[in-house]
1. Quick check on packing: order 413-425, 359-371 by the mean number of other C-beta atoms within 10 Å, highest mean leading.
2. Quick one: if you stick a label point 7 Å off each Cα along the C-beta vector at Ser164 and Trp75, how many nm between them?
3. List the residues whose amide H sits under 5 Å from the amide H of Gly333, counting only those 5 or more places along or on another chain, with H placed 1.01 Å from N in the peptide plane.
4. Could you size up the charge dipole of the stretch 80-266 around its Cα centre, putting +1 on the beta carbon of Lys and Arg and -1 on that of Asp and Glu, and report it in debye to the nearest 20?
5. At R0 = 30 Å, how high is the FRET efficiency between Ser447 and Ala362 if r is their beta carbon distance? Nearest 0.05 is fine.
6. Could you order peptides 198-205, 170-177, 335-342 by the average number of other Cβ atoms within 10 Å of their residues, highest first?
7. Quick one: how many lysine pairs does the chain have with C-alpha atoms less than 20 Å apart and a gap of 8 or more or different chains? Give me the count, please.
8. R0 = 30 Å: FRET efficiency of Phe299 with Thr31, Cβ-based, nearest 0.05?
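Please treat every number below as a calculation from the coordinates, not as lab data. Just so we're clear, the structure is a prediction, and the values are computed from it rather than from any experiment. Every residue, glycine as well, gets a Cβ built from its backbone with ideal geometry; the counts of neighbours run over all protein chains shown.
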Amino acid sequence: MSLTSYFMEATYLVASILFILSLKMMSHPDTARRGMFLAEGGMFAAIVGTLIGAHIVTWTWIIAGLAVGSIIGAWMAVTVPMTAMPQRTALSHAFGALAAALVGVGEFLVNIAELGPVKRGALGFEIMLGALTTTGSLIAAAKLQGIIQGKPIQFRGQNLLNLSIAVVMAGCFFYFWFDPSATFVFYTMLGVAFVFGVLLVIPIGSADMPVVMSLLNSYAGLAAAATGFVLGNNVLIIAGTLDGFSGFILSVLMCKAMNRSITNVLFGGFGSAVGEATSNAGGIMREISLDDAAMQLAFANRVIFVPGYGLATAQAQHAVRELAELLEERGVGVKYAIHPVAGRMPGHMNVLLAEANVPYSALYEMEQINPEFSSTDVAVVIGANDVVNPDARDNPKSLIAGMPILEVDRAKSVIVLKRGQGRGFSGLENPLFFKSCTAMLYGDAKSSLSHLAQAVQHV
Ligand code: NAP
């Protein structure tokens with residue numbers, strides 16, 4: 001082995017260690033930021049190793065790619081708001097998967113005669129997973145951005161059509177595996193996989209899109225790992241496998257938090273933003289004035305803030321921390337209740353509250369905080385809806401029946417901050433808002449919280 005090869009393998013080893021450590025650190029909010037830096041360091045080491053170790057044919061395309069990629073990446077990092085992070089992530093998956101598919105096509109064009117059966121198999125997987133993840137992720141991004149309708153797009157015989165396409169794709173894969181000179185079959189496999197990606201994602205509603213995205217993330221990782229096998233590149237194999245399996249585990253955890261099975265997400269068609277609801281909701285919603293709400297908070301012993309997607313859209317994380325600090329100065333005990341799928345991506349609330357320097361020790365997970373609601377004077381729901389919907393617990397006919405919720409309705413008093421009568425992402429009405437213990441404080445969450453803070457100061 002030459003000196004440059006040693007250097008390349010050494011940087012790959014460093015990169016792999018950094019990736020593993022970063023994943024570990026990202027599993028806790030306290031260390032997540034440092035974990036991201038380690039991951040960036042790992043990626044940098046992998047790029048440097050590849051550029052120094054590999055046989056470079058021409059630098060022109062590499063520099064052009066680095067420049068274009070960096071400009072697009074920096075532009076996205078600066079301009080895309082936090083609330084659009086899921087669709088931005090879907091675009092990243094699409095780019096990564098397209099890169100894997102294109103590398104596969106390049107290997108087919110240049111090196112196919114030298115690839116043995118194992119590498120040919122890996123190449124087939126790379127092409128199929130890369131292509132279907134590309135189009136699947138683009139559809140997911142378009143649904144999340146509202147470019148195409150978020151409702152499940154379903155038609156008769158859909159599952160049969162999908163199955164037939166999967167069979168054609170698998171048939172092409174085996175034909176190509178036995179006969180690598182079958183160029184037409186290879187490109188048919190590629191084309192069919194692109195179509196399959198579209199058909200796989202259109203029947204899934206946008207409420208389930210984050211789960212689908214982490215599954216697509218997993219496919220993109222496996223495509224990269226397959227690319228690593230074809231190219232004999234260790235860091236791609238390791239990073240792709242880490243990505244593939246962490247994405248899969250995340251999908252399973254998210255399904256668990258929503259009490260759904262993966263097969264139900266993929267084939268059930270749930271997730272319509274305007275789903276038909278069987279709901280226990282009914283009656284009148286009671287409104288509360290700002291001064292009365294401030295009075296309740298100022299004289300409470302224990303207050304729990306329950307943030308949801310509305311906190312993210314309003315960017316109200318700083319406002320809630322300021323109000324919490326004012327209450328604490330008055331001797332009120334303040335906690336934050338975090339539902340695992342509040343918001344639109346895993347850890348959404350943790351990230352926002354950490355950004356506002358809310359101490360991590362004040363955040364409580366669902367299992368920890370639920371027993372505390374009954375001894376809480378005021379639960380303040382900030383732009384949360386589905387994650388506090390008691391129908392999930394009480395109404396077996398509800399679309400979200402069985403989804404674990406934050407049991408705010410057990411608190412002595414509930415104040416709900418939202419703009420109007422908007423429903424949650426499931427599209428369901430929420431009986432919590434009609435309960436006698438609940439009062440609605442209408443308005444944008446950030447301005448309501450700021451006004452509450454001012455009013456509390458005057459109590
Ligand atoms: P939600 O059910 O989507 O409800 C958000 C509420 O916030 C809406 O009812 C809306 O009512 C209100 N709102 C929006 N903008 C606001 C603003 N500027 N100020 C005040 N209120 C505002 O949110 P959630 O309770 O957090 O539930 C998350 C949903 O996403 C669940 O259905 C979950 O299953 C799904 N999901 C999440 C993930 C994840 O990883 N986090 C993954 C998959 C699915 P108004 O329009 O009346 O203001």
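1. Numbers: 413-425: 19.1, 359-371: 14.1.
Highest mean packing first, the order is 413-425, 359-371.
2. In this crude spin-label approximation the distance works out to 4.1 nm.
3. Sorted by chain and number, the residues that satisfy this are Arg302, Val303.
4. Working: 8 positive and 6 negative charges, 117 e Å.
In total the dipole reaches around 560 debye.
5. Details: r = 23 Å, r/R0 = 0.77.
Once rounded, the FRET efficiency stands at 0.85.
6. On the way: 198-205: 21.9, 170-177: 17.9, 335-342: 24.6.
In descending order of packing, they fall as 335-342, 198-205, 170-177.
7. 9
8. On the way: r = 38 Å, r/R0 = 1.27.
With R0 = 30 Å, the Cβ-Cβ based efficiency is 0.20.
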